[in-house]
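Structure first, commentary second.
Read-outs: derived from the displayed coordinates by stated rules, not from any lab. Keep in mind the model is a prediction, meaning the values are calculated, not measured. All Cβ positions, glycine included, derive from the backbone under ideal geometry; neighbour counts span all protein chains shown.
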Amino acid sequence: MRLTTLFSLILLSTVMALAGPRHIYSNIVGDVNADGEVNIADINVLIGNILKSNYDPLSDLNEDGEVNIADVNLVIGIILHGPVNPIVDTGMYMGIIGYNQTLTTKDISYLDSTTVAGFNSFVGDLATRPGRLLYYSVDKALDALFNAPHPDHLQNVAVVTFTGGNDQGSLMMTDKYDTEAEYAQALKTRITEERVYGRPIKAFTVGLLNDNVKDANQFRNNLYALSSDSTKAAEVNSVAEANICFQSIADDLVKRNMSETLTLVFPGVGTGTRIRFTLDEVNDETVNESQVYIEGTFSLKTRSLTNIIYHGLTSTAGDSVAASSEDGMFVSLVFEGIQLDSEERIEKKNIQEWYWVDGQNEWERSTEFSVDRLPDVESTYSSALVMLLLDCSSVMDENFDELKTAANAFIERMQNYNTIPGMYTVNGVTFQMVSVDGGTFTMGVDSAMVDAGMASVDELPAHEVTVEPFAIGQTEVTQELWQAVMGTNPSSFTNNPQRPVEQVSWEDCQEFISRLNALTGKNFRLPTEAEWEFAARGGNKGRGMTYAGSDNLDDVAWYYTNSYVVGPTSANFGTHAVGSKHSNELGLYDMSGNVYEWCSDGYAPYEVEPDFAAGISRRVIRGGCWFSVPMDCRSTNRNNESADMRIYTIGLRLAM
């Protein structure tokens, strides 16, 4: 061993001994001498083993096969910064505090279908007593979040506090503060400035304003002081209103339960080069108007992007990201924990790389950031740490049962934290429905398009239609899902279960939907023709594209040119796995091409009311198929077939 290293170890040991004990109890890692504490004694044991070249498995804390300075550093970190919490399963972690003159606590633990009963039982056993340690309970809730096990992919850290009045007695529980205002301000500072494993704290307050509250101004001040911002403070007049707030808070947390990991591959450039990756749809003229981008300065020496700015999104990657790998001239950067402020998903086709040109004072598109090196986007379940605080003071007596019911409804909603809204699973097969806001649009085309041979006469007349909000399948129904529901697969192209099911008649689809509804308890159906066209056009987000998501059919569709003329000996002949082309503005795939899709309506001129048309034997099919010409893949194009027709060009998409 080098003398300088040995001297450093001895000096470090001496200095820490003179500094006095800084004992951190830990049963996780670092307790080398197994005395129940991590302290200077453990460092002395490590130094002794290093000096003696003695390998002791208990001293090999980082499990690298030897005992060395790295193990000493690990123990020092524990002593200085606290114990290393274990990495645990991704998901929802919740704790509960019922507060009156004392605190009744359920420690933070994993919440899922197997543990929810224990949470409900805890709430059911809560009882009212005089007193209201409001500040003190929030203080302890924050401590619990900081000491909780660190789940993978932590996205949300939240405190949800319900109170029926002002604080009573918290100053008696600590000697740190002289006034309620001082205590409240200290909690506000903790909530807004502190981070739990790098994540900000979302603090929600719900306050029941009743006759018990004599100082309404103080009551409202408490709601704001104990929330992370004013939008998260709610004043209610009944527990029924509080229940609505609880559900809204749960929805706010649940809808943010997914994050994305973005891997960007691009050529290395000179140190100091500013790089911007735009994630929304911009061009050379509008790049400065981008609302969603990652921007930073490249360092050639460290192969990293530094001084990173996230605009229109958040990421857990931090303000400096080093290359995860190199491949010749290309480097790969990985950005984890990405969530767009718009709560939408990243569209790979929109991602572009730009360099800042100082001499021209403008952004220049990177020509090396090609389609062949499209970024990789991976969706990841996020985790949450949530503390629920419930006022159990005597003033709640007449409303307490209703409050406990609302609390359990909140818990059960949070149990579904790892469920993507609109995702359903049946017999082990998962599929996604996409919510579509209602709206009014012009359905069909004008006569000029028909006269020019660009549309068919049955697309006339162009007319205004209003559709109510609905949900529609993100993809066509796959063979895998049909098999899970029906037990059979009638399709012609069967070498991939992710291909759309075909050779199903309109009548077969009704039987499939009936069985699916029986299995799920939901009300799935076929979309109406108006719903289908509205969704294909992109709904209220539509940009007037000819096809579903693009004016370039190859971007979004499997059709005649790339799926039929290649010939039956080609791997590209026939249908393709759903979702393998770009989506439209609503995130819907294959609404142009792949297979035609049955609609609920009977086929008739637009002047005929759909309810009447439903009695017609021929049914509408939409979207074109794998051997359709481009004109038949337009979003406005109509076609039809007999309700009993089974053919390898027609499948279905669900609605509800």
- prompt: Which of the peptides 146-153, 422-429 is most tightly packed, and how do the rest follow, judged by the mean count of other Cβ atoms within 10 Å per residue?
  reply: 146-153, 422-429
- prompt: Can you run phi through the Karplus equation (6.51, -1.76, 1.60; θ = phi - 60°) for the stretch 348-355 and list ³J(HN,Hα) in whole Hz, with x for Gly and Pro?
  reply: 4, 5, 8, 6, 9, 10, 9, 10
message: Residue by residue through the stretch 225-235, what is 3J(HN,Hα) from phi via Karplus (6.51 cos²θ - 1.76 cosθ + 1.60, θ = phi - 60°)? Round to whole Hz and write x for glycine and proline.
response: 5, 9, 10, 6, 7, 4, 5, 9, 10, 10, 9
- line: The farthest towards the positive end of the charge dipole of the chain, of the residues G521, A184, T478, given +1 on Cβ of Lys and Arg and -1 on Cβ of Asp and Glu, is A184
- prompt: What fraction of the DSSP beta bridges in the chain is antiparallel, stated in percent and rounded to the nearest 5?
  reply: 70
Placed amide H near K202: partners under 5 Å, 5+ positions off or other chain: V157, A158, V159
query: Out of I294, V321, T263, whose Cα points farthest toward the positive end of the dipole of the stretch 259-380 (charges: +1 Lys, Arg; -1 Asp, Glu; placed on Cβ)?
result: V321
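Given +1 on the Cβ of Lys and Arg, -1 on the Cβ of Asp and Glu, and no further charges, what dipole in debye does the stretch 489-540 carry about its Cα centre, rounded to the nearest 20?
On the way: 5 positive and 7 negative charges, 53 e Å.
Here the size comes out at about 260 debye.
What shape does the stretch 488-582 take by its C-alpha gyration tensor, where a ≥ b ≥ c are the square roots of the eigenvalues and a/c under 1.5 counts as rounded, a/b above b/c as prolate, and the rest as oblate?
Details: a/c = 2.48, a/b = 1.13, b/c = 2.21.
In terms of gyration-tensor shape, oblate.
Among the GluC sites (Glu not before Pro) in the stretch 553-649, which ones are in a DSSP loop with at most 12 other Cβ atoms within 10 Å of the Cβ? Mind listing them?
Values: sites: E585, E597, E607, E641; in loops: E585, E607.
Loop-located and lightly packed - E607.
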- line: Given all pairs of distinct Cα atoms, the stretch 123-233 yields a Kirkwood Rh in Å of 14.8
field: Projected label distance in nm at S238 and E289, using a 7 Å step from Cα toward the beta-carbon
entry: 4.8
- request: Would you work out the charge dipole size for the chain about its Cα centre, treating the Cβ of every Lys and Arg as +1 and the Cβ of every Asp and Glu as -1, and quote it to the nearest 20 debye?
  value: 900
- prompt: Is the stretch 259-380 rounded, prolate or oblate when judged by the Cα gyration tensor, a ≥ b ≥ c being the square roots of its eigenvalues, rounded requiring a/c under 1.5 and prolate requiring a/b larger than b/c?
  reply: rounded
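Going highest first, how would you order 234-244, 40-50, 619-629, 497-507 by mean Cβ packing within 10 Å?
Working: 234-244: 16.4, 40-50: 20.2, 619-629: 25.3, 497-507: 22.1.
Packing proxy ranking, top to bottom: 619-629, 497-507, 40-50, 234-244.
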task: Would you mind calculating the gained length between K541 and N496 on full extension (0.36 nm times residue separation, minus the Cα-Cα distance), in nm to one decimal?
output: 13.0 nm
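Using a 10 Å cut-off on Cβ atoms, rank the peptides 171-183, 382-394 from the highest mean neighbour count down. Before the final figure, lay out the partial values.
Working: 171-183: 13.6, 382-394: 24.9.
The packing order, highest mean first, is 382-394, 171-183.
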- request: Putting +1 on Lys and Arg Cβ atoms and -1 on Asp and Glu Cβ atoms, find which of N639, Y224, V501 reaches farthest to the positive end of the dipole of the chain.
  value: Y224
statement: With x for Gly and Pro, the residue-by-residue ³J(HN,Hα) of the stretch 546-553, computed from phi through the Karplus equation 6.51 cos²θ - 1.76 cosθ + 1.60 at θ = phi - 60° and given in whole Hz, is 5, 9, 6, x, 6, 8, 9, 4
message: If you average the C-alpha positions of the stretch 441-512 and of the stretch 238-292 separately, how far apart do those two centres end up, in angstrom?
response: 31
query: For the stretch 528-650, what is the charge dipole size about the Cα centre, in debye to the nearest 20, if Lys and Arg each add +1 at the Cβ and Asp and Glu each add -1 at the Cβ?
result: 280
task: Pop the C-beta distance of E364 and T314 into the FRET formula with R0 = 30 Å and round what comes out to the nearest 0.05.
output: 0.65
query: How big is the chain in terms of Cα radius of gyration and Dmax, in angstroms?
result: 30.6, 94
